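The values are calculated or read from the model by the stated rules, or taken from the named source; none is laboratory data. Just so it is clear, the structure is predicted and the values come from calculations on it, not from any experiment. In this analysis, Cβ positions are derived from the backbone assuming ideal geometry, glycine residues included, and neighbour counts consider all displayed protein chains.
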Amino acid sequence: MKAGLGRNPSFTWRGIWEARKWLEAGCRWRIGNGRTVHIWQDQWIPGHISLVAEGVRGCEGLNPPLVDSLFVDNVRMWDIQKLRSLFNPSLVSDILKIPLCSDNVEDRRVWAHERNGEFSVRSCYRFISSQAGPQIAESSNMQAQQKFWKHLWKMKVPNKLKIFAWHACKDSLPTAVNLVKRKVIPNATCRMCLSEEENIAHAIFHCGAVQDLWRYYLPELIRDKQMSLVDLAMQLCERNMAGKMCTFFALAWGLWYRRNKFVNDQILLGTASVAESVHVLLRSHAQVSIKIRSEILKFYKWNPPSAGSLKLNVDAATFPGWDKAGVGAVLRDEKGRILMAFSRAEILLKGSESLELLAIFRGMQQCVTMGVSHLVVESDSLLSIDALNDDSMTNSLLGVIYYEIKKLASCFVLCLFSHVYREGNRVAHKLARNACKVDSMEVWWNSIPDCISQTVWFDECL
C-alpha cells in the first residue's frame, strides 16, 4: 500500500498504483490482537473512516497508540472506562460492537465491501460507483421507490397480479398511447370515455368510466390527473397501508381486464361485477394461502436429533428502540424433552448475521459447560450455517466469530451445523424475543418457561 510509482512504471503498475486510493478506502482492519492497527490513522471501526479523517483528536497518553492499548490488561476485552475517557458515546458504542478473539490472532486487512472479505473487481466497481454518486443513492426519492417495490413484491395476492402491477408501473402494457408509439393504431383516444388519451394511469384510474369504483373503495387517494400510476400507489405505500395497496392493484387488474374485454370483444362489464370478481379472487387466494401455510408448518416442523445426540436450536432478535439485542437457545434430546433453555440480552451488533453467529456461539458455550459430547446446532440463518460448513468466511470482518465457533466445536466429540426453516425454529425465536425483558441472562433447566410453553405444545402436535 505504501509503494511508490517509480521512475519508469509499466502500464499495469501505473493502473494499480492509481487505483490504490480506492483499495485503501475499501479495506478495513479486522481486529485480532490489536498490535498492528493504529487507533487514529487506520480504518478499523465499522461505519467510520480513520478517526483522524473524521476530526477526532488523538490522545498523547497512549504510547504506542495501537488498538491493543484499549484492551483490559492481560485480558482480550474492551476497557470500557478507557474508551469512555477517549471517545464520544456514539464511537464507544460502535467500538463495543467489534468482536474480539480470545486467542492471539493477528490483525488482518479485509475488503469491507464483499461478505467474505476478499477483494473482487465487481465489488470494487460498485464501491467506486457509490462513492462517485452518493447524492443519487441517498436521495429520499430513491429510498421511497425502493420501499415501494419491496411492498409491491410482498403483496399477498396471486403472482399474476404482482406481474401485472410490475408491467403497469413500468408502463409496458398495450395502452392506446403505447400502441400509437409503435404505429399499431393511429389514434390514442380512450375507447371507454372518448375524451382523453389513454395512458396506463388514465385507463386504470383517471378515466371517467371508472371513477365511481375508486371513490367507493379508495376515497383517500389524491386525484391529480398529472399523477402516474406509480405516484398513486406510492401514496398508499408512504402511509404504510399495505392492505390498501393490495386492493389498489387488484382493482387495477380487474379494470384492465374490463378495458380489454370492451376493446377486443365489445363487451362492457359493470364496475360492480369487476369489484365482486376481484374480491372473490383475493378471498380464495387468502384461503389457499392459509391451507398452504398449515402444510408448510407440518413439513418444516422441528425434528428431534438421532439417539445419543442433543439438538441446540438458536436464534437472535433485535430491539432497536432500546439499542439492544437478544439471543435465545433451547437444548432438546431425541424425545423432544427440554434440557436447557435461555434468553440473554446482548449489545446490538452491526448486521443480522453477526447476531445469528453470536446466538450460535452463546448456545454452544452453554453446552460446553454442561459436558455435552454429541451436538447438532440448528439455526434459521442459512448464510451462517453454510459458511460454518465450508469455511468460506475466515477472511471476512466476522471471521473472528467464525473462528471462536469453530474453536468451541472442537470441544465436542461430534458437532454438526444444520439449517432449519423458521417454522421449525419457533421456540428459539420466542426465547430470543423474550430477551427484551431480561437484564442479563435467564436460564431454565429441565423445565418449560411460560414464554415458550404454547410454542412447544404446538411443535409436539405437528
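Pairing residues of the range 28-52 that are in the same structural domain as residue 72 (by TED's automatic domain parsing) with residues that are surrounded by 18 or more Cβ atoms within 10 Å (Cβ to Cβ) and of a type in the set (S, T, N, Q), at Cβ distances under 7 Å and at least 6 apart in sequence or on separate chains, gives 28/43; 29/43; 49/43; 50/43.
With respect to (1) farther than 30 Å from residue 407 by Cα; (2) out of contact with any helix residue (DSSP H, G or I) (no Cβ under 7 Å at 6 or more places or on another chain), the lone exception for residue 144 is condition (2). Under the condition of being of a type in the set (Val, Ile, Thr) and closer than 20 Å to residue 99 by Cβ, which residue from the range 1-54 is farthest from the chain's Cα centre (by Cα)? Within the range 1-54, the match that is farthest from the chain's Cα centre (by Cα) is 36. If I go through the range 306-316 residue by residue, how many of them are at pLDDT below 95 and under 27 Å from the mean Cα position of the chain (by Cα)? Looking only at that region, the number is 0.
Is it the case that residue 180 is more than 23 Å from residue 247 (Cβ to Cβ) and modelled with pLDDT of 90 or more? Yes; evaluated as a whole, the condition is true for this residue.
Is it true that residue 401 is assigned to a helix (DSSP H, G or I), in contact with a His (Cβ under 6 Å, 6 or more places away or on another chain) and buried (at least 16 other Cβ atoms within 10 Å of the Cβ)? For residue 401, the condition - assigned to a helix (DSSP H, G or I), in contact with a His (Cβ under 6 Å, 6 or more places away or on another chain) and buried (at least 16 other Cβ atoms within 10 Å of the Cβ) - is not met.
Consider residue 359 carefully, then state whether it is farther than 30 Å from residue 204 by Cα, at pLDDT 95 or above and either among the hydrophobic types (A, V, I, L, M, F, W, C) or surrounded by fewer than 16 Cβ atoms within 10 Å (Cβ to Cβ) (or both). The answer is yes for residue 359. Among the criteria (1) modelled with pLDDT of 90 or more; (2) touching an Asp or Glu at 6+ places or on another chain (Cβ under 7 Å), the one residue 144 does not fulfil is (1). Residue under question is residue 278, and the condition is that it be surrounded by 12 or more Cβ atoms within 10 Å (Cβ to Cβ), touching a Cys at 6+ places or on another chain (Cβ under 6 Å) and within 30 Å of residue 159 (Cβ to Cβ); does it hold? Taking the combined requirement at face value, the residue does not satisfy it.
With respect to the conditions (1) farther than 24 Å from residue 269 by Cβ; (2) of a type in the set (Val, Ile, Thr); (3) touching a residue at least 40 places away in the same chain (Cβ under 8 Å), residue 210 falls short on a single one, namely (1).
Checking the range 365-374 against the condition returns a match, with at least one residue being assigned to a strand (DSSP E or B), more than 20 Å from the chain's Cα centre (by Cα) and farther than 23 Å from residue 116 by Cα. Here the range 63-79 is the region considered, the condition is being within 18 Å of residue 52 (Cα to Cα) and in contact with a Phe, Trp or Tyr (Cβ under 9 Å, 6 or more places away or on another chain), and the residue that is surrounded by the most Cβ atoms within 10 Å (Cβ to Cβ) is 67.
For the range 409-447, the tally of residues that are buried (at least 19 other Cβ atoms within 10 Å of the Cβ), out of contact with any Ser or Thr (no Cβ under 9 Å at 6 or more places or on another chain) and either among the charged types (D, E, K, R) or in a helix (DSSP H, G or I) (or both) stands at 1.
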